[in-house]
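**Q** Pasting a structure below so you can have a look.
The values are calculated or read from the model by the stated rules, or taken from the named source; none is laboratory data. Quick caveat, the model's predicted, so the values are computed rather than measured. We place every Cβ from the backbone using ideal geometry, glycine too, and count neighbours over all the protein chains shown.
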Amino acid sequence: MAHDAHHAQAQQDHAGHADHAGHAHAHWDTSVWPFVISFGILFLALAFSFKFVYHNGFAAILSLGLGIPMILAGVAGWTSEAMGKGDGFSYSAMGWFILAEAMIFVSFFVGYWYTRLHADVWPPAGTITLPRVMPIVMTFVLVASSLTIHYAEHLLHLGNKAGFRFWYMLTIVLGATFLGMSVYEWSHLMHEGFTISTNAFSTIFFSVTGLHGSHVVVGLVIFLAGLPSVLRSDVDEGFMRTAGLYWHFVDIIWFFVVSQIYYW
């Protein structure tokens, strides 16, 4: 009898430990930042509608003024929350996110290919000659930034914190330089009268390059959100691997943009 009672008590204790472990594994962290990002994207969609459907420029600017800060703040806040939590599912989740983003780019490229291959005349009337040298320089800058972030990861793995910080910040500078050149190019083309509403090609050009530019902005926000931890030398490798993977994706997509939009 005493043996049976002891055995039953042991089974109850084991069940209690299993239930506690189950609750521990079932716990999920929650964050408000995806909610903020979603509303930011909603305001961007509204801005597009106000501008091109309802032709209300003021409402479009107001929606942009709400949407863009919400998206940037959401990305920065979400990144800051993820700092120091290790790999978890972040690296594999980033892979799935990249796959989803790649499908968005594919849809834009397919639309471009269909429009171009079925057009009687290409490029359509109103198209100006796109820069030839600037995209090459931009490509070198972006490729260099991909190499610098990879080397920064390598130095972090070796424990060289000072070298890591230098190459990490150099990556941010190169990314910002690329973005600045994109803005300069857009400004030059618009000054020449080539805008998103000029013709079918201009709509595709500004949509695809703008979509890529938005991904560059997100990458820079991720890096900047991690900068305080980098300067304190307490950044973890899990964050760097995930951020670096995203940045390499931005780099690879640019090759498709350059080859299809600028030189085809």
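**Q** Taking the residues in the range 231-254 that are surrounded by fewer than 16 Cβ atoms within 10 Å (Cβ to Cβ) and aliphatic (A, V, I, L, M) as candidates, determine which candidate is nearest to residue 168 (Cα to Cα).
**A** Residue satisfying both the conditions and the ranking: 231.
**Q** On to the next question. For the condition under 17 Å from the mean Cα position of the chain (by Cα) and over 15 Å from residue 243 (Cα atoms), what is the one hit in 125, 176? Show your work before the answer.
**A** Numbers: 125 fails: under 17 Å from the mean Cα position of the chain (by Cα).
On inspection, the qualifying residue turns out to be 176.
**Q** Tally up the residues in the range 221-248 that are touching a Phe, Trp or Tyr at 6+ places or on another chain (Cβ under 9 Å) and either at negative phi or in a helix (DSSP H, G or I) (or both), please.
**A** Of the residues in that region, 16 qualify.
**Q** If I filter the range 144-153 for residues that are more than 24 Å from the chain's Cα centre (by Cα) and either more than 24 Å from residue 244 (Cβ to Cβ) or touching a residue at least 60 places away in the same chain (Cβ under 8 Å) (or both), do I get at least one hit?
**A** No - not one qualifying residue is present in the range 144-153.
**Q** Does residue 193 count as assigned by TED's automatic domain parsing to the domain that holds residue 129, closer than 30 Å to residue 125 by Cα and among the small types (Gly, Ala, Ser)?
**A** For residue 193, the condition - assigned by TED's automatic domain parsing to the domain that holds residue 129, closer than 30 Å to residue 125 by Cα and among the small types (Gly, Ala, Ser) - is met.
**Q** Going through 252, 204, 222, 261 one at a time, which residue ends up being of a type in the set (A, V, I, L, M) and free of Cβ contacts under 8 Å to residues at least 40 places away in the same chain? Write out each step before concluding.
**A** Working: 204 fails: free of Cβ contacts under 8 Å to residues at least 40 places away in the same chain; 222 fails: free of Cβ contacts under 8 Å to residues at least 40 places away in the same chain; 261 fails: free of Cβ contacts under 8 Å to residues at least 40 places away in the same chain.
Going through 252, 204, 222, 261 in turn, just one is of a type in the set (A, V, I, L, M) and free of Cβ contacts under 8 Å to residues at least 40 places away in the same chain: 252.
**Q** Let me ask something additional. For the condition surrounded by fewer than 17 Cβ atoms within 10 Å (Cβ to Cβ) and more than 23 Å from residue 169 (Cα to Cα), what is the one hit in 46, 99, 147, 64?
**A** From the options 46, 99, 147, 64, the qualifying one is 99.
**Q** In addition: Looking only at residues that are among the small types (Gly, Ala, Ser) and surrounded by 12 or more Cβ atoms within 10 Å (Cβ to Cβ) in the range 112-135, which one is farthest from residue 186 (Cα to Cα)? Before the answer, list the steps.
**A** Just the residues of the range 112-135 that are among the small types (Gly, Ala, Ser), to begin with: 119, 125-126.
Checking the rest, the ones that are also surrounded by 12 or more Cβ atoms within 10 Å (Cβ to Cβ) come to 119, 126.
Working: 119: 25, 126: 16 Å.
That would be 119.
**Q** Does residue 130 satisfy being assigned to a helix (DSSP H, G or I) and either among the hydrophobic types (A, V, I, L, M, F, W, C) or under 23 Å from residue 232 (Cα atoms) (or both)?
**A** Answer is no for this residue.
**Q** Just give me the residues in the range 158-199 being among the small types (Gly, Ala, Ser) and out of contact with any Phe, Trp or Tyr (no Cβ under 9 Å at 6 or more places or on another chain), in sequence order.
**A** We begin by selecting, within the range 158-199, every residue among the small types (Gly, Ala, Ser); these are 159, 162-163, 175-176, 180, 182, 187, 193, 197.
159, 162, 176, 180, 182, 187, 193 - these are the residues of the range 158-199 that are among the small types (Gly, Ala, Ser) and out of contact with any Phe, Trp or Tyr (no Cβ under 9 Å at 6 or more places or on another chain).
**Q** A further question on this structure: Determine which single condition residue 196 fails, assuming it passes every other condition in (1) within 30 Å of residue 128 (Cβ to Cβ); (2) crowded, with 19+ Cβ neighbours inside 10 Å; (3) not polar (S, T, N, Q).
**A** The failed condition is (2).
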